[in-house]
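Chemist: Below are the structure tokens for one structure; questions will follow.
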Amino acid sequence: MARASDGESVLHKHLRVLGAFEAAVPFLTLTDIADRSGLAPSTAHRIVAELEREGLLERLPDRTYRLGVRLWELACRTPGALGLRELARPYLQAVHARVRQHTQLSVLSDTEVLFLDRLSARDAVVNATLIGGRIPLHASSSGLVLLAHSGQEVVDAVLSAPLRRYTPNTIHTEAELHAALRRVRADGWAVCDGHIHPESRGIAVPVYGAHRDVIAAIGVVVPNDEASPLGHIELLTHAASEISAAMRAAYLPTGHPAATAGGRFRPLVNSSVRSMEYLESISQRAEA
């Protein structure tokens, strides 16, 4: 990989520019991009021009920039994100129809939870997440589920920095985190009462992939009241099981011990059976 004269890879500098954009800050000037990425203005200007030429950034009439639609196009091809989101969406909708609060799907990203999808009601309880947004692993029910099924190196990385406190109930010590992870592994779910907002309770369970590894978490954010969480846990566990079955059907070939009937390698796309057959025939003709 090419490296700049300061030792930082060229690719990393491009990623710093793209990472300057956030869901809450979608439009940036060149000066904003340089400041937020920590790059010299001349370097930021050169990289922004390259990214714009490739469609990864778009310049608007007011001379601000936003992330380009080509990023969305590329993201749609990854089975680890939007493909999973497509398969999970019907089951998220089923959960949301029952809960009528917030229902969300998330994955592990370094030491944070990355939220791929969320369904909400306008009068729902306070929730600090956005689609495409992040929250530290230790602070949320989804994060604890993902962290509990990660390697020790991820736990060590989380503990290498101070644990941010959102409320007095947020986990903020190493002992509290280890105890919470033991409970998640033993129970198979996480319940966080008021960890991010006093009025909100997070409940999450793991989603298993084609090879029985935890690839995501599905959760709800509901009022933090005295109600038992077991009904929500049962609902989420059923949805997670359905998503896992859909993943196996999408990715494991016929004859694999864990494959469901009709399972085979194919693009992870949620569509009608006839549509998928037609897409597959097009692909086969193109390869012939």
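Chemist: Based on the alpha-carbon set only, what is the convex hull volume of segment 10-74 divided per residue, in Å³?
Modeler: 81 Å³
Chemist: Report Rg (one decimal) and Dmax (nearest whole number) for segment 107-155, counting Cα atoms only, units Å.
Modeler: Computed over the Cα atoms of segment 107-155, radius of gyration and Dmax are 11.7, 39 Å.
Chemist: While we're here: Taking every alpha carbon pair in segment 89-205, what does the distance histogram look like in 10 angstrom bins from 0, in percent?
Modeler: 14, 48, 31, 7
Chemist: Let me ask something additional. Treating only the Cβ of Lys, Arg, Asp and Glu as charged (+1, +1, -1, -1), what charge dipole size does segment 55-207 show about its Cα centre? Round to the nearest 20 debye.
Modeler: In total the dipole reaches around 420 debye.
Chemist: For segment 180-244, evaluate the Debye formula with one uniform point scatterer on each Cα (no solvent term) and list log10 I(q)/I(0) at q = 0.19, 0.21 Å⁻¹, rounded to two decimals.
Modeler: Debye intensities relative to I(0), on a log10 scale: -0.72, -0.86.
Rule-based calculations on the coordinates, nothing more; no lab input. In this text the structure is predicted, and so the values were computed from the model without any measurement. So basically every Cβ, Gly included, is an ideal-geometry build from the backbone, and we count neighbours across all protein chains shown.
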